[in-house]
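Written out below as structure tokens is the structure these notes cover.
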Amino acid sequence: MDNLYELSISEASSLLKRKELSPVDLVASHLLRIQETDDHLNSFIKVLSDTSKTFAAQAEKEILAGKWKGKLHGIPIGLKDLYYTKGIPTTVGSKIYKDFIPNFNATVVDKLSEAGAIIIGKLQMHEFALGTTSHNPHYGPARNPWNTECVTGGSSGGSASSVSAGQCMGALGSDTGGSIRIPSALCGIVGMKPTFGRVSRYGVFPLSSSLDTVGPMTRTVEDNAIMLNTISGHDINDSFSSEHHLSDYTSDIEKDISGIKIAHPQTYFYDVIDEEVVCLMKKASEHFASLGAKVEPIEVPILEHTLAISGTILLTEAAEIHSENIRTKAELIGNDVKSRLQQGSLTSGVDYVKSQRARTIYNLKVNNLFKTYDILIAPTVATGAPPINDTSVEINGVQELIAPLMARLTRPQNITGLPTISLPIGFTSKGLPVSMQLTAPAFQEVRLYNVANQYEKISTFKNIIPPI
């Protein structure tokens with residue numbers, strides 16, 4: 001029973017459906033894994049031991065009675081602690097909300113529960129989701145399972161470390177400037193930022209209303225698609241929710257990708273980057289070529305302005321959301337987050353409008369690329385995970401500040417709202433994961449999972465759990 005946490009969702013689901021595995025044993029194995037590892041990782045803000053055991057027993061009865069609900073039935077899932085959970089604290093990684101207990105569930109939490117998934121706990125995060133390291137001043141830093149002296153990335157750091165370490169089989173994160181993809185990359189797992197509006201954000205504490213997305217984090221591409229199948233769909237309670245047609249995201253996952261055209265931007269993504277990441281990206285491109293895909297170098301107009309565009313929009317909207325907290329409870333906010341919120345408060349309406357206008361121009365240029373190409377490929381993060389106590393990292397002889405460096409390569413995809421998946425491509429010489437991100441046109445997650453899965457099949461980085 002002890003190593004059941006090594007199973008993928010797909011593997012465990014098949015065993016559960018055939019009644020060859022008990023949800024009780026599966027959850028017990030993950031709870032034991034949490035008990036053995038979380039003192040080292042600090043992935044969880046709250047472990048729901050008793051309730052997860054209760055729901056595991058319920059799932060077992062349902063499955064034995066022939067009432068199997070689908071591929072997440074009996075599967076232990078973690079939630080970044082900004083998802084509303086009825087009767088359970090939702091801290092948003094802050095001291096201000098440490099006693100906030102919602103009286104309803106987020107829409108996606110209800111969807112997971114209806115599918116029979118078992119919520120095993122609430123996960124560590126950067127305060128207010130406004131940061132790239134998950135170094136939390138109130139709950140301590142989330143730690144990378146590949147090296148516990150290194151950051152997980154943020155803001156969904158606890159989600160990434162828990163999945164990577166086998167503490168849960170999948171988790172939900174949120175992505176406003178890269179907060180699913182950055183920690184997924186640094187912890188060596190698969191993270192999906194779906195198309196903006198694809199998944200309901202109702203009951204998910206906001207950071208930036210025009211940029212926020214929520215999505216799954218798993219150890220395999222197929223598991224990720226399974227989770228997105230459950231949580232996607234229109235929600236009348238979310239004014240940004242799309243009514244776009246839903247598909248089974250696993251439907252084309254085994255399809256041949258020969259002939260698919262992949263665009264590989266050469267500037268911006270490679271202006272500030274570790275040479276080890278460059279080498280691994282070159283190998284990834286060669287792998288795609290071996291699959292029959294055509295990878296072509298391109299240039300993307302105005303990419304160099306995307307950090308300024310994203311930063312202005314994100315911080316201004318975050319400052320509006322937290323305006324009362326800044327005014328009356330600023331002393332309870334961590335210094336790094338407080339300074340960003342104060343910066344957003346000082347942004348003029350004119351600058352905000354200019355940024356939204358520039359965003360529209362950039363989006364048109366990117367969408368035009370998809371008239372020629374099927375997928376865009378880029379590194380997810382410019383380096384492996386840096387040490388927790390460092391504020392800068394040396395890249396090619398230059399000291400780069402860690403906080404902005406982490407999100408440098410992910411923010412462009414939040415501006416467009418296009419679906420983007422991050423998946424592992426190798427390790428640095430220090431044994432730290434490196435990942436690439438693939439972007440598709442809006443609402444083409446099926447294609448994205450297909451291309452990602454075909455790459456994963458010929459790689460050696462699927463469902464690897466680090467020794468802790």
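The values are calculated or read from the model by the stated rules, or taken from the named source; none is laboratory data. Just so it is clear, the model here is predicted, and its values are computed rather than measured. Positions of Cβ are backbone-derived with ideal geometry, glycine not excepted, and every protein chain shown enters the neighbour counts. What goes into the accessible areas is simple: the full protein's heavy atoms, side chains included, and nothing from ligands, DNA or RNA. Shrake-Rupley method; radii C 1.70, N 1.55, O 1.52, S 1.80 Å.
Worth pointing out:
- Against the compact-protein benchmark of 2.2 N^0.38 Å, the Cα-based radius of gyration of region 1-65 scales to 1.16.
- The calculated FRET efficiency for Ala330 paired with Lys371, based on their beta-carbon distance and R0 = 51 Å, is about 0.60.
- Probing with 1.4 Å while keeping every protein chain in the model, the per residue accessible area of region 385-468 equals 35 Å².
- Amide H within-cut-off set for Ile298, under 5 Å, with H built and near neighbours excluded: His264, Gln266
- Cα→Cβ-extended label distance, 7 Å offset, between Lys255 and Asn237, nm: 3.3
- Counted residue by residue at 0.36 nm each, then reduced by the alpha carbon distance between them, the extension gain from Tyr270 to Glu36 reaches 80.3 nm.
- Put Phe240, Phe100 in order of accessible area, highest first, and with a 1.4 Å probe you get Phe240, Phe100.
- Per residue, the average separation of C-alpha pairs within less than 8 Å and at least 6 apart gives region 181-295 a relative contact order of 21 percent.
- Carbon plus sulfur fraction of accessible area for the chain, probe 1.4 Å, in percent: 51
- Between the amide H of Ile395 and those of Glu400, distances stay under 5 Å, these residues lying 5 or more places away or on another chain, with hydrogens modeled in the peptide plane.
- When all protein chains stay in place and ligands, DNA and RNA are ignored, the 1.4 Å accessible-area order of Cys150, Cys279, largest first, is Cys279, Cys150.
- Figure note: Val353, Val295 ranked by solvent-accessible area, largest first, 1.4 Å probe, ligands and nucleic acids not counted: Val353, Val295.
- Farthest toward the positive end of the dipole of the chain, out of His322, Tyr5, Pro466, is the Cα of His322, where the dipole comes from beta carbon charges about the Cα centre.
- Converting phi to 3J(HN,Hα) with the Karplus coefficients 6.51, -1.76 and 1.60 and the offset θ = phi - 60°, region 209-224 yields 5, 9, 10, 4, 9, 10, x, x, 10, 9, 9, 9, 5, 4, 4, 4 Hz in sequence order, with x at every glycine or proline.
- Label of the coordinate-derived value, Cα Rg over 2.2 N^0.38 Å, listed as (1) 1.12; (2) 0.90; (3) 0.99: (2)
- Considering only alpha-carbon pairs that sit under 8 angstrom and 6 or more positions apart, the relative contact order computed for the chain is 17 percent.
- Ser392/Glu6 FRET efficiency (R0 45 Å; Cβ-Cβ; nearest 0.05): 0.80
- Size of electric dipole in the chain: Cβ of Lys, Arg +1 and of Asp, Glu -1, about Cα centre, debye, nearest 20: 620
- Average accessible surface area per residue within region 165-302, 1.4 Å rolling probe, Å²: 32
- Zone residues, region 309-328, relative to Ser348, backbone N less than 17 Å from point 7 Å out along Cα-to-Cβ: 309, 312-313, 316
- A simple rule links phi to the HN-Hα coupling: the Karplus curve 6.51 cos²θ - 1.76 cosθ + 1.60 with θ = phi - 60°, which for region 225-242 gives 5, 4, 5, 5, 3, 7, 8, 6, x, 5, 9, 5, 7, 10, 5, 9, 5, 8 Hz, with x for Gly and Pro.
- Residues in region 152-160 carry Karplus couplings, in order, of 8, x, x, 8, 8, x, x, 4, 5 Hz; the curve used is 6.51 cos²θ - 1.76 cosθ + 1.60 with θ = phi - 60°, and Gly or Pro positions show x.
- Using a probe of 1.4 Å on the protein chains alone, the accessible area found for Val204 is around 20 Å².
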